[in-house]
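Asks: Have a look at this one before I ask anything.
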Amino acid sequence: MHSTYAVIDRILADYLSKDGLPYKWLLAQTLATSIVRRTALEHLKLAHVSVADVGAGYGATCFELAALYPVQVDAVDRDATLLRWSQAMALDIKNNHGFHPLSTITFVKADACDLPWDSSSRDVVISRFLLQHLANPSSALNEWFRVLKPGGLLCVMDTDDGLSISYPPYNDSAVARLRDAIRTLQRLNGGDRFIGRRLAHLAHQAGFTIEQTIVLPQATFSSPSTHTLEVNILLEQVQQYREDLVYHGLLGEAELQALCSSTSEEILDWQFSTSNEIIIIARKPA
Ligand SMILES: C[S@@+](CC[C@H](N)C(=O)[O-])C[C@H]1O[C@@H](n2cnc3c(N)ncnc32)[C@H](O)[C@@H]1O
């Protein structure tokens, strides 16, 4: 059976192996979490509406929405490089008939807290894995409230590390120490990897009426070899944030190097682990 997402899957996988693609870990993570994301998007049942995906990253949410429904999507991100790559992917997907024929996607460079649109101009705002990175998530939610039409739909999806388990535990391994350093850096930059539990309160405070609160778990049981993929994503993140990790004193240069080298030796066991997305579906009152 030809799946709705077959063209998207093929093209995103092709891009993952392209030389020069920045933040490969972000695209790898996007592909690895597609089941949960698609379950959430299929739940929304949209048609002929304007959708803003804020913090779109590589655009998977936009692509999947545009494949599923006839929608006009704005992919918003503050990173112009990511937008350029996702625009190229979108063109390839469109040329291979991977979108609904009535869908369009526009790419917009903008800050989540300062969108370039009139008040009450959008039907739907979606944002996935962005709020955990913002020092002031309320400011973004207030802005999304502003641009939504009365009765407009908000869907925010994010994680909460309190819901993640793994067996056997990583404990004091190099992987655990590198992961902790990345998480601490995110916190020092104002982010919060436990934001999932706060999403409903934050949206409520911004004036939204909460319609549904959903938790979708994903579990993996990985062999030592596939598990290495997950560790590679971590190692890429460490390289990307290397200067900041050292600058904030979270890891010394030599320590960082030693931890990265020892990750390849310590992944010897099968690993069961879970991750979760907390999804809030809410409306701006009519
Ligand atoms: C972890 S990625 C999530 C990407 C995508 N939504 C997904 O689910 O895979 C976070 C994205 O938000 C973008 N971002 C971070 N802060 C932002 C801001 N203040 N305004 C707009 N985009 C922002 C980043 O450039 C990045 O592409």
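None of the figures in this text is laboratory data; all of them are computed from the coordinates on show. Being a predicted model, the structure only gives us computed values, none of them experimental. Virtual Cβ from ideal backbone geometry, glycine too; neighbours counted across all protein chains shown.
Asks: Hey, can you grab everything whose amide H is under 5 Å from the amide H of residue 107? Only 5+ residues off in sequence or another chain; H modelled, so Pro and N-termini drop out.
Replies: Here 75 satisfy the definition.
Asks: Now a separate question. Once the dipole of the stretch 1-151 is set up with Lys and Arg at +1 and Asp and Glu at -1 on Cβ about the Cα centre, which of 3, 104, 40 lies farthest towards its positive end?
Replies: Positive-most Cα among the choices belongs to 3.
Asks: Taking the Cα centre of the chain as origin and charging only Cβ (+1 Lys, Arg; -1 Asp, Glu), how large is the dipole, in debye to the nearest 20?
Replies: Charge dipole of the chain: 860 debye, to the nearest 20.
Asks: Quick check on the chain: helices-only [θ] at 222 nm, where DSSP H runs of length 4 and up contribute -39,500 (n - 2.57) each and the sum goes over total residues. Nearest 500, please.
Replies: That comes out to -13500 deg cm²/dmol.
Asks: Tell me whether the stretch 195-286 comes out rounded, prolate or oblate; compute the Cα gyration tensor, take square roots of the eigenvalues as a ≥ b ≥ c, and use a/c under 1.5 as the rounded threshold.
Replies: oblate
Asks: Shifting gears a bit: Which of 156, 127, 117 sits farthest toward the positive end of the charge dipole of the stretch 107-169, with +1 on the Cβ of Lys and Arg and -1 on the Cβ of Asp and Glu?
Replies: Comparing the listed Cα positions along the dipole, 117 ranks first.
Asks: Within the chain, what is the number of lysine pairs with alpha carbons under 22 Å apart, leaving out pairs fewer than eight places apart on the same chain?
Replies: Close lysine pairs found across the chain: 8.
Asks: Using the crude model of +1 on Lys and Arg Cβ and -1 on Asp and Glu Cβ, and no other charge, please compute the dipole size for the stretch 127-229 relative to its Cα centre, in debye to 20.
Replies: Dipole about the Cα centre, nearest 20: 140 debye.
Asks: Can you classify the stretch 90-210 as rounded, prolate or oblate using the Cα gyration tensor, where a ≥ b ≥ c are the square roots of its eigenvalues, rounded means a/c under 1.5, and otherwise it's prolate if a/b beats b/c and oblate if not?
Replies: It is oblate, given that a/c is not under 1.5 and a/b is not larger than b/c.
Asks: Taking K and R as +1 and D and E as -1, what net charge do the other residues with C-beta under 14 Å from the C-beta of residue 210 add up to?
Replies: +3
Asks: Oh, and also: Output the 0 to 90 degree angle, nearest 10, between the alpha-carbon long axis of helix 224-240 and the longest principal axis computed from the alpha carbons of the chain.
Replies: Computed tilt is about 80 degrees.
Asks: Dipole size in debye (nearest 20) for the stretch 1-120 around its Cα centre, Lys and Arg Cβ +1, Asp and Glu Cβ -1?
Replies: Using only the charged Cβ atoms, the result is roughly 260 debye.
Asks: Rounded to the nearest 0.05, what FRET efficiency do residue 119 and residue 166 have when you use their Cβ-Cβ distance and R0 = 41 Å?
Replies: In this case the efficiency is close to 0.40.
Asks: Give the shape of the stretch 74-154 as rounded, prolate or oblate, defined through the alpha-carbon gyration tensor: a ≥ b ≥ c are the square roots of its eigenvalues, a/c under 1.5 means rounded, and otherwise the shape is prolate if a/b is larger than b/c and oblate if not.
Replies: Oblate shape, in that a/c is at least 1.5 and b/c is the bigger or equal ratio.
Asks: What list of ³J(HN,Hα) couplings, whole Hz, do you get for the stretch 143-148 from phi and the Karplus terms 6.51, -1.76, 1.60, once you set θ to phi - 60° and write x for glycine and proline?
Replies: 5, 5, 4, 4, 7, 6
Asks: Arranged by the count of other C-beta atoms within 10 angstrom, fewest first, what order do 133, 97 take?
Replies: Listing 133, 97 from fewest to most nearby Cβ atoms yields 97, 133.
Asks: Could you tell me the convex hull volume per residue, in Å³, taken over the Cα atoms of the stretch 143-255?
Replies: 145 Å³
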